[in-house]
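A short write-up of the structure that comes next.
The values are calculated or read from the model by the stated rules, or taken from the named source; none is laboratory data. Note that this is a predicted model, so its numbers are computed, not measured. We place every Cβ from the backbone using ideal geometry, glycine too, and count neighbours over all the protein chains shown.
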Amino acid sequence: MTQPATSSPPSPASSFLATRNGKVMLTLLCAVAFLDFLDTSIVNVALPSIARDLHFSVQNLQWVLSGYVVTYGGFLLLGGRLADLLGRRRTLVAGTTVFALASLAGGLAPNAGTLVGARLAQGLGAAVMTPSGLSLLTTSFSYGTDRVRALGAWGAMAGLASVLGVFLGGVLSAGPGWRWVLFVNLPVCAAVLATVYRVVPGESTNPFTIRDFDFTGALLGTGGMLLLIFGLVRAPGDGWSSARTIGELATAGALLALLALNEARAARPLVPAAIFRVRGLVAADVSQVFGMAGFYSVFFFVTLYMQDVLGYSALRSGAAYVPVAVMVGGAAGLGSGLITRIGTRPLIVAGAVIAAGGIFWLSMIGVHGHYAGDLLPGFLIMAFGLGNVFVGVQTAANAGVPPSLAGLAGAMITASFQVGGALGLAIFSAVATARTSALLAGGASRAVALTSGFHRALLLASVFVLAAAAVGLRAANTRGEPTAEITGVELGETAADRAQLGLEADLD
């Protein structure tokens, strides 16, 4: 099999980002990130139109959104490791091709089943694209300011795409129609495929063979992640105490526990234990789980509040998030500049505390709320904090990761994004529904009951984002130093450990 060719890294004095190829490569990789994160949220506002045109039942409609999230999160570990083993350019091209074909099939879907199948395939493509793109970024921009700026741009894409997805979904649904929320991916995919061979180095021969692949680990890891996210997505509807939810989450936990046992014995594990010895990586990933649980839920509940309580149209609801996108982008740029001065840890902690304050402001919404006074200030405060969190977490999670594990590290931080979003919606939806149902049973009006449910969900979301700040205290405090100086992995352990890390070639 093959691996990307490794060339001598540029000296710290040179800047790949300052070259034309460097700028084109960063733009290419940011387009990959934007596409994958965009499709997590772009269909939200279009769901009513989709339901009418394709005759979805209320129960099945959720899978237009959830199908993408389940396969995206479920296949990330496998996609990330394949990027390390088979070559990053090759897996990026394969994932982008699958994503484009699935987008085309979804846009042309004649019935509900075809659209859900296309969304499942989109998630699979994204699960291969994202870790391939992120590992290409971390191995191509590996020095000082270049690395910080590149990771900052990637982190900004996660926030911007999540916000702009809601806006674009409203604009496209109100304009050319809901099918364009899928067709819009095609020109971007075409641009990625046309550019990748010009700027990304080719792969060279690698001694890895298919016989060495950890098929048992791939089955356990993928099955465990799929079932975990599937169970979280279904939990609000089935109930946390239902036998089905308990069984799904318990089985997912058992599969992931078996994965850990298998990886300790495998000759070439899917998830080498050495990656967990990279200083601060786990803390950065867990911090993003808590942060995304709160952040992603804000869009869900505030959108429902604007449409069901304030009476906003889909287009007006989407437009309400434009200032959020602008602030996230500005804060991400500011955060990228601050990392080289103060490091990632203060950025994560301070950003999460500020964002929690913004979400707390939003939790005070009333039945007769106004955008300028009740929503916009909270939006801007939250967006400023989270723009910094995204940049800090992405940089900290990739600090000290050897090139041979860059794809897996990219998969882990992206999986934390997906798991966090699914976990937050599962928990907070149950809280909001319970409060709303209790008030409706007591004779409260629908607007009052809904608003009170949203209030509790958003209040809990702010607590989760505060928890992200607490966990962030254990994240790596890197200022963009070269990977070799901050690996956090003991390179002089044993020959088996060195072989497991795949570092022999890197050290020669």
Helices (runs of 4 or more DSSP H) within the range 421-508 that include 2 or more residues at pLDDT below 80 and either among the basic types (Lys, Arg) or buried (at least 20 other Cβ atoms within 10 Å of the Cβ) (or both): 495-501
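Residues are listed down the side, and each one gets a yes or a no for (1) in contact with a helix residue (DSSP H, G or I) (Cβ under 6 Å, 6 or more places away or on another chain); (2) closer than 19 Å to Cys30 by Cβ:
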| site | (1), (2) |
| --- | --- |
| Leu86 | no, no |
| Arg90 | no, no |
| Phe99 | yes, yes |
| Ala109 | yes, no |
| Arg119 | yes, no |
| Leu134 | yes, yes |
| Leu137 | yes, yes |
In the set Phe360, Phe390, Phe384, which member is in contact with a helix residue (DSSP H, G or I) (Cβ under 7 Å, 6 or more places away or on another chain) and under 20 Å from Phe454 (Cα atoms)? Phe360
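To keep it simple, each residue is scored yes or no on (1) within 14 Å of the chain's Cα centre (by Cα); (2) modelled with pLDDT of 85 or more.
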position	(1), (2)
Thr145	no, no
Val148	no, no
Gly152	no, no
Ala156	yes, no
Ser162	yes, no
Leu168	no, yes
For Thr222, state whether it is surrounded by fewer than 22 Cβ atoms within 10 Å (Cβ to Cβ), touching a Lys or Arg at 6+ places or on another chain (Cβ under 7 Å) and either assigned to a helix (DSSP H, G or I) or among the charged types (D, E, K, R) (or both). no
The range 389-404, subset surrounded by 24 or more Cβ atoms within 10 Å (Cβ to Cβ) and polar (S, T, N, Q), residue nearest to Val328 (Cα to Cα): Gln394
Filter the range 326-337 for residues that are surrounded by fewer than 21 Cβ atoms within 10 Å (Cβ to Cβ) and hydrophobic (A, V, I, L, M, F, W, C); the one that is farthest from Gly373 (Cα to Cα) is Leu334
Of all residues in the range 278-295, count the ones that are of a type in the set (Gly, Ala, Ser) and within 24 Å of Ala457 (Cα to Cα). 4
Can you say whether Ser135 is over 15 Å from the mean Cα position of the chain (by Cα) and not aliphatic (A, V, I, L, M), as far as the supplied structure shows? no
Subset of the range 403-433 (residues that are closer than 16 Å to Pro236 by Cβ, under 9 Å from the mean Cα position of the chain (by Cα) and of a type outside the set (A, V, I, L, M)): Gly420, Gly421
Exclusive hit being in contact (Cβ under 8 Å) with a residue 24 or more places away in the chain, among the β-branched types (Val, Ile, Thr), assigned to a helix (DSSP H, G or I) and buried (at least 19 other Cβ atoms within 10 Å of the Cβ), set Ile365, Ile359: Ile359
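Quick grid of which residues meet (1) among the small types (Gly, Ala, Ser); (2) farther than 17 Å from Ala293 by Cα:
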site	(1), (2)
Leu375	no, yes
Met382	no, no
Gly385	yes, no
Gly400	yes, yes
Which of the residues spanning the range 17-46 are in a helix (DSSP H, G or I) and surrounded by fewer than 18 Cβ atoms within 10 Å (Cβ to Cβ)? Arg20, Asn21, Lys23, Val24, Thr27
Mind checking which residues of the range 368-388 are in contact (Cβ under 8 Å) with a residue 12 or more places away in the chain and not in a helix (DSSP H, G or I)? Gly369
Scan the range 102-123 and tell me whether some residue there is part of a helix (DSSP H, G or I), among the hydroxyl-bearing types (Ser, Thr, Tyr), surrounded by fewer than 20 Cβ atoms within 10 Å (Cβ to Cβ) and at pLDDT below 85. no
Tell me which helices (runs of 4 or more DSSP H) are completely within the range 261-346 and hold 1 or more residues being among the hydrophobic types (A, V, I, L, M, F, W, C) and within 20 Å of the chain's Cα centre (by Cα), or say none if there are none. 281-304, 322-342
Restricting the first residue to the range 188-199 and requiring it to be within 14 Å of Ala94 (Cα to Cα), which pairs with a second residue that is small (Gly, Ala, Ser) and modelled with pLDDT of 90 or more meet a Cβ separation below 8 Å and a spacing of at least six or different chains? Cys189/Ala100; Cys189/Ser103; Ala190/Ala100; Val192/Ala31; Leu193/Ala100
Can you find a residue in the range 370-381 that is hydroxyl-bearing (Ser, Thr, Tyr) and crowded, with 20+ Cβ neighbours inside 10 Å? no
Flag if Ala314 is over 30 Å from Thr145 (Cα atoms) and buried (at least 17 other Cβ atoms within 10 Å of the Cβ): yes
Considering only the range 147-162, how many residues are within 18 Å of Thr19 (Cα to Cα) and in contact with a Phe, Trp or Tyr (Cβ under 6 Å, 6 or more places away or on another chain)? 2
Mind listing whichever residues of the range 11-39 are among the hydroxyl-bearing types (Ser, Thr, Tyr) and at pLDDT below 80? Ser11, Ser14, Ser15
